[in-house]
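Notes follow the structure.
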Amino acid sequence: MTRALIIGDLAVDISAHTSDRIVAGRNILIENPKMIAAGVAGNMAWYLRQLGVKPHVAATVGVDSWGTLLKQQLKEAKVRMELVRTSSKKPTAFFVVLVDSRGERTMIGSRSANTEFKITSEEIVDISPQWIHISGYSLLNRNYAELMKAVRHASEELAVPLSTDLEGISAEGRHVNLEGATVFCNEEEFLDYFGVSYRKMTGKMRQSIVVKAGPDGCYLMTESRLIHFPSVAKTVVDTTAAGDAFNAGFIASALNGNGETVACRFGNVVAALKITKMGAKVMLPPEELTTFRAGL
């Protein structure tokens, strides 16, 4: 089984549907909330495991019941946790996730313990992953330069692919060295980060960028071309973690030896299956995955 290291946040999601408008100064009551062990690292690991990849997670949780819950659920999902740290100073991260009638979500919360995360290139090399992904949220940390240096050094020493996303850092105006990495983002994140539309940047990039475009599917931008892959989604219940599911689908496909075009199509498939159900982590129907894989 192939191995992937996911460096990113772990958090508890309190998720629910709401038909009310979110208005400042107003109380909003939700019915039937669900508590889900999530975060970018937890979500991506969850989908990678279902797609036949052995995931290792690197993140930080607090010394509290939510941290215990996260580690227990990771263990049950057979996710490796050698690089999950514990902070005695900050609590486990949490987010309240409100999903409207269109399946769009609004998130309010705190990264908390994840802001203290540290890792060395030696620790990554010891895991010996065949793919390394670092979340843009991890690159919001004050030690982001050291994190990226460690990740890039390990990627080069192991001669394995490196990927990241612009989620979080694009809105903060922070820039990192993306050369050689596969970059995931949505249209707004691309515009925030580069200052122009992805169409205007075609042929000017020195790495592959995958732009996730929601109902329009995704776009693959390389040094010489821009390719569109239409969405295969038919039903939208909850878009929470759709991007994480896409990233996992892309990485799993690439680790199976497929090129970027097939990986983009499979990423669309995994995201489309995820959004048919409520919550950040859902079970993907194996029969539909098999059918789509055959079609690809």
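FYI, it's all coordinate maths here, none of it is from the lab. Only a predicted model underlies this, so the values are computations on that prediction, with no experimental measurement involved. Neighbour counts are summed over all protein chains in view; Cβ atoms, including those assigned to glycine, are modelled from backbone coordinates with ideal geometry.
So how do 57, 84 line up by other beta-carbon neighbours within 10 Å, fewest first?
84, 57
How far apart, in nm, are the 7 Å Cα→Cβ label points at residue 54 and residue 206?
Once both label points are built, they end up 3.5 nm from each other.
Could you derive backbone 3J(HN,Hα) for segment 121-138 from the dihedral phi with the Karplus parameters 6.51, -1.76 and 1.60 (θ = phi - 60°), listing whole Hz in sequence and x where the residue is Gly or Pro?
3J(HN,Hα) across segment 121-138, in whole Hz: 5, 5, 5, 5, 4, 4, 6, 6, x, 9, 7, 10, 10, 10, 6, x, 5, 4.
Would you mind computing the Rg to Rh ratio of segment 75-203 from its alpha-carbon coordinates, Kirkwood style for Rh?
Rg/Rh: 0.99.
How do 35, 81, 1 line up, fewest other C-beta atoms within 10 Å first?
Ascending Cβ contact count within 10 Å gives the list 1, 35, 81.
Calculate how many DSSP beta bridges within segment 131-269 are antiparallel, expressed in % of all such bridges and rounded to the nearest 5. Walk me through the numbers on the way to the answer.
On the way: 8 of 18 bridges.
If we restrict to bridges inside segment 131-269, about 45 percent are antiparallel.
Roughly what % of DSSP beta bridges within the chain run antiparallel, to the nearest 5?
If I count the DSSP bridges inside the chain, around 35 percent turn out antiparallel.
Rule-of-thumb check for segment 201-288: C-alpha Rg over 2.2 N^0.38 Å?
Numbers: Rg = 13.1 Å, N = 88, 2.2 N^0.38 = 12.1 Å.
In units of the 2.2 N^0.38 Å rule of thumb, it is 1.09.
For the modelled label position 7 Å from the Cα of residue 110 along Cα-to-Cβ, which residues of segment 117-148 have backbone nitrogen atoms closer than 20 Å?
So the set is 117-118, 137-143.
So if each residue of separation counts as 0.36 nm, and I subtract the Cα-Cα distance between residue 224 and residue 293, what length gain in nm does that give?
Contour length minus the Cα-Cα distance gives 22.1 nm.
Length gain on complete extension for the stretch residue 128 to residue 86, per 0.36 nm per residue less the alpha carbon to alpha carbon distance?
12.9 nm
Within a 10 angstrom radius of the beta carbon, how do 250, 95, 117, 194 rank from fewest other beta carbons to most?
Ranked by crowding around the Cβ, least crowded first: 194, 95, 117, 250.
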